[in-house]
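Take a look at the structure below.
The values are calculated or read from the model by the stated rules, or taken from the named source; none is laboratory data. If you're wondering where the values come from, they're calculated on a predicted model, not measured in any experiment. A quick note on method: Cβ atoms are made from the backbone with ideal geometry, for glycine too, and the neighbour counts reach across all protein chains shown. Please note that ligands, DNA and RNA were not included when accessible areas were found on the heavy atoms of the full protein model with its side chains. Shrake-Rupley method; radii C 1.70, N 1.55, O 1.52, S 1.80 Å.
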Amino acid sequence: MSRLAIATAAWLLSTAVATFGSMLLWPDQQLVKILVLLLNLVLGGVMIEVNRRYVLALDELQQKIYLQASAISLGVAVIGGITYSLADTTNVIPFDAEISVLIMLVGITYLVSMIIATRRYQ
């Protein structure tokens, strides 16, 4: 298993522990919640560094594809996220804007961008 996969899995697991542990296991333990959030933040930083090293190890074409997909995903995250939030705050949508929807949108955008860019250079 790659270092990036391990780092991502560790961060994802810490996110689940922070979310569900705070609701189910220690709802009244503020110190535990803070410590778990700090662990999540540290593991997120580790994941970012491992991802940076992964990208540096790619060849030039792979880096170009990654950069293009990341740029499109960042644009969708910022523009889509702000628009989604504005739709919530201005009551254009009848529900609360949830970050999970934005995360799914960014993930799908990245995946589609990677597929298109990879096919373009085959």
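Which numbered condition trips up residue 86, out of (1) touching a helix residue (DSSP H, G or I) at 6+ places or on another chain (Cβ under 6 Å); (2) in a helix (DSSP H, G or I)?
Checking residue 86 against (1) touching a helix residue (DSSP H, G or I) at 6+ places or on another chain (Cβ under 6 Å); (2) in a helix (DSSP H, G or I), the one that fails is (1).
Which of the residues belonging to segment 98-122 are in a loop (DSSP other than H, G, I, E, B) and either more than 18 Å from the chain's Cα centre (by Cα) or under 15 Å from residue 65 (Cα atoms) (or both)? I'd like the intermediate steps shown before the answer.
Taking segment 98-122 first, the residues in a loop (DSSP other than H, G, I, E, B) are 98, 121-122.
Result: 121, 122.
Filtering segment 56-75 down to residues that are of a type outside the set (A, V, I, L, M) and open to solvent by 90 Å² or more (accessible area, probe 1.4 Å), which residue is nearest to residue 113 (Cα to Cα)?
Only one residue fits best here, namely 64.
Working carefully through the options 45, 21, find the one that is within 16 Å of the chain's Cα centre (by Cα) and either over 24 Å from residue 2 (Cα atoms) or not in a loop (DSSP other than H, G, I, E, B) (or both).
Numbers: 21 fails: within 16 Å of the chain's Cα centre (by Cα).
Within the list 45, 21, the selection yields 45.
Tell me the residue from 42, 78, 112 that is open to solvent by 80 Å² or more (accessible area, probe 1.4 Å), closer than 28 Å to residue 10 by Cβ, out of contact with any helix residue (DSSP H, G or I) (no Cβ under 8 Å at 6 or more places or on another chain) and among the β-branched types (Val, Ile, Thr), please. Can you show your working first?
Numbers: 78 fails: open to solvent by 80 Å² or more (accessible area, probe 1.4 Å); 112 fails: open to solvent by 80 Å² or more (accessible area, probe 1.4 Å).
After ruling out the rest, the residue left standing is 42.
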